[in-house]
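Read the structure below first, then the notes.
The values are calculated or read from the model by the stated rules, or taken from the named source; none is laboratory data. Bear in mind that the values here come from a model prediction, so they are computed numbers and not experimental data. Every residue, glycine as well, gets a Cβ built from its backbone with ideal geometry; the counts of neighbours run over all protein chains shown.
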Amino acid sequence: MSSAEEAALVAVKRLADSCTDILQTTLVSAILHGSSTLDDFQPGASDLDLLLVVERGHTPSETDALVGTVRAAYLGPAGGIDLLVVTRRTAEVPADHPSRELLVGRWPGPGEGLEVEHRDDHVPDVWPELSMARAKGRSILGPEPREVIGEVPVDRVRANGIGWLTTWLERTDDAENAVHMVLTACRIWRFAVDAEHSSKTGAARWALERDPSLTGVEQAVTARTTVNAARITPREVDRVLRRVLRDVEEGAPD
């Protein structure tokens, strides 16, 4: 483990401890997932992805305290925080319409603010989060992921990916999010083909082995690890997204 990864682990443990102070015995498990558990942590770019599994929905005062905790949290070398809260029932039996209790995101920078999404009974994005946390996550507090998260059907994760690929095809000129779209598309692609959750860098390398002509993928990897990387053109973003969408749709059930 690198020094940056060790520092990130310290930061996420502090965050988990603060959440425990708020939720007390309501907290079942705090699960770290994402780049920190996929050997792909990039200082200044990678987030601290923390999933909280709770016994019940929390009170307004608990919600406010969790939001305040994320706002004041020590980031260490991380680029931000992504805190997702779901109930044990949602985690154990991922439903046709998965519920989310709370989502709090924080990404420091000019005009820093928080993204706060409250309770919602139909959040398809919960499927890939639970699937990845179950497969690749690590418990910071409480039981290990497979003890509290049920298996998420592959077709639900794939369908969620198709939805995002279709949405991003209307945003190929979004330069600020081009790297995110391209690398996440590679992750969607690999999961659709191999049912394997992988890091952004790992998925990009897999994608280039499958189709070396996708220069947008090469540029995205370079941008993830290099300060002055070349901008990915909307045309290259479009090429990657359409290539991925074609393969993912072909693998989807009728």
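If you scan the stretch 51-91, which residues turn out to be assigned to a strand (DSSP E or B) and not aliphatic (A, V, I, L, M)? Steps first, please.
So the first thing to find is which residues in the stretch 51-91 are assigned to a strand (DSSP E or B), and the list is 51-54, 80-87.
The answer is G80, D82, T87.
Let me confirm something: among V217, V152, V126, V148, which residue is out of contact with any Leu (no Cβ under 8 Å at 6 or more places or on another chain) and either among the hydroxyl-bearing types (S, T, Y) or at negative phi (or both)?
Numbers: V217 fails: out of contact with any Leu (no Cβ under 8 Å at 6 or more places or on another chain); V152 fails: out of contact with any Leu (no Cβ under 8 Å at 6 or more places or on another chain); V126 fails: out of contact with any Leu (no Cβ under 8 Å at 6 or more places or on another chain).
One residue alone meets the criteria, V148.
Checking A204 against (1) surrounded by 14 or more Cβ atoms within 10 Å (Cβ to Cβ); (2) over 19 Å from the mean Cα position of the chain (by Cα); (3) more than 19 Å from E249 (Cβ to Cβ), only one condition comes out false. Which one?
(2)
Mind checking whether some residue in the stretch 96-110 is of a type in the set (G, A, S), touching a helix residue (DSSP H, G or I) at 6+ places or on another chain (Cβ under 6 Å), surrounded by 15 or more Cβ atoms within 10 Å (Cβ to Cβ) and under 24 Å from A220 (Cα atoms)? Step through it out loud before you land on a result.
Residues of the stretch 96-110 that are of a type in the set (G, A, S), as a first pass: 99, 105, 109.
Going one step further and asking which of them are touching a helix residue (DSSP H, G or I) at 6+ places or on another chain (Cβ under 6 Å), we end up with 99.
Checking the rest, the ones that are also surrounded by 15 or more Cβ atoms within 10 Å (Cβ to Cβ) come to 99.
Then keep just the ones that are under 24 Å from A220 (Cα atoms); that gives none.
No, that holds for no residue.
Return the residues of the stretch 213-242 that are within 17 Å of T201 (Cβ to Cβ) and either of a type in the set (K, R) or part of a helix (DSSP H, G or I) (or both); say none if nothing qualifies. Working first, answer last.
Within the stretch 213-242, the first condition is being within 17 Å of T201 (Cβ to Cβ), and the residues that meet it are 214-227, 229, 232, 240.
Result: T215, G216, V217, E218, Q219, A220, V221, T222, A223, R224, T225, V240.
Taking the stretch 23-42 as the search range and keeping residues that are of a type in the set (S, T, N, Q) and out of contact with any strand residue (DSSP E or B) (no Cβ under 9 Å at 6 or more places or on another chain), which one is farthest from T90 (Cα to Cα)? It would help to see each step written out before you state the result.
Step one: filter the stretch 23-42 for residues of a type in the set (S, T, N, Q), giving 24-26, 29, 35-37, 42.
The next check asks that each one be out of contact with any strand residue (DSSP E or B) (no Cβ under 9 Å at 6 or more places or on another chain); those that pass are 24-25, 42.
Numbers: Q24: 20, T25: 18, Q42: 31 Å.
Out of the qualifying residues, it is Q42.
Any idea which residue in the stretch 226-250 is modelled with the highest pLDDT, counting only those that are in contact with a helix residue (DSSP H, G or I) (Cβ under 8 Å, 6 or more places away or on another chain) and surrounded by fewer than 13 Cβ atoms within 10 Å (Cβ to Cβ)?
R231
Based on this model, can you work out whether S213 counts as hydroxyl-bearing (S, T, Y) and touching a residue at least 24 places away in the same chain (Cβ under 8 Å)? Even if it seems obvious, please write down each step before you answer.
On the way: hydroxyl-bearing (S, T, Y): yes; touching a residue at least 24 places away in the same chain (Cβ under 8 Å): no.
The answer is no for S213.
Quick test for you: out of V67, V85, V28, pick the one residue that is surrounded by 23 or more Cβ atoms within 10 Å (Cβ to Cβ) and in contact (Cβ under 8 Å) with a residue 24 or more places away in the chain. It would help to see each step written out before you state the result.
Working: V67 fails: surrounded by 23 or more Cβ atoms within 10 Å (Cβ to Cβ); V28 fails: surrounded by 23 or more Cβ atoms within 10 Å (Cβ to Cβ).
Unique residue meeting the criteria: V85.
In the stretch 159-203, which residues are touching a helix residue (DSSP H, G or I) at 6+ places or on another chain (Cβ under 9 Å) and either assigned by TED's automatic domain parsing to the domain that holds L130 or part of a loop (DSSP other than H, G, I, E, B) (or both)?
L169, R171, T172, D173, D174, A195, E196, H197, S198, S199
Look at the stretch 192-219 and say how many of its residues are touching a Ser or Thr at 6+ places or on another chain (Cβ under 8 Å) and among the hydrophobic types (A, V, I, L, M, F, W, C).
Within the stretch 192-219, residues that are touching a Ser or Thr at 6+ places or on another chain (Cβ under 8 Å) and among the hydrophobic types (A, V, I, L, M, F, W, C) number 1.
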